[in-house]
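I have placed the structure first, in the form of structure tokens, so that the comments after it can refer back to it.
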Amino acid sequence: WPVSGTFTFAPSTSATTLAESIGTSPVLLLGSNPDRKGFAVQATNQIVFVKLDSTSSTALYSYELPKKGILEIENYCGPVAAVTASGSTIVMVTEKV
């Protein structure tokens, strides 16, 4: 399929950061947002299992973040969920728009 024209992507001009508490039940960190340019998630004091979906588990996930690990994804507008194997923790979530 031939593509004609010039395509440019606008950079993000703002970001929102949240401190989200998660535990052994999946938590939706970000809902779908067609205006999202990208996002970042940072684990604080334990392993966090992150999935590019509306739910996550320790058995089915997209990324396993170690303690202090950072995940940065560009050009994904769908939901993002996270869970821990035990206890609870805080994750820092930044959404770029």
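Quick notes on this one:
- Carbon plus sulfur fraction of accessible area for the chain, probe 1.4 Å, in percent: 55 percent
- Ordering of 48-55, 27-34, 10-17 by packing is 48-55, 27-34, 10-17, highest average first (other Cβ atoms within 10 Å, averaged per residue).
- A 1.4 Å probe run over the chain, with the rest of the protein chains in place, finds 60 Å² accessible per residue.
- Table column - 3J(HN,Hα) (Hz), segment 46-54, Karplus curve with 6.51, -1.76, 1.60, x for Gly and Pro: 7, 5, 10, 9, 10, 10, 7, 5, 7
- Considering only Cα atoms, the convex hull volume of the chain works out to 106 Å³ per residue.
The values are calculated or read from the model by the stated rules, or taken from the named source; none is laboratory data. Keep in mind that what you see is a predicted model, and the values were worked out from it rather than measured. Reconstructed Cβ throughout: ideal geometry from the backbone, glycine too, with neighbour counts over all protein chains shown. Only protein heavy atoms, including side chains, enter the accessible area calculation; ligands, DNA and RNA are left aside. Shrake-Rupley method; radii C 1.70, N 1.55, O 1.52, S 1.80 Å.
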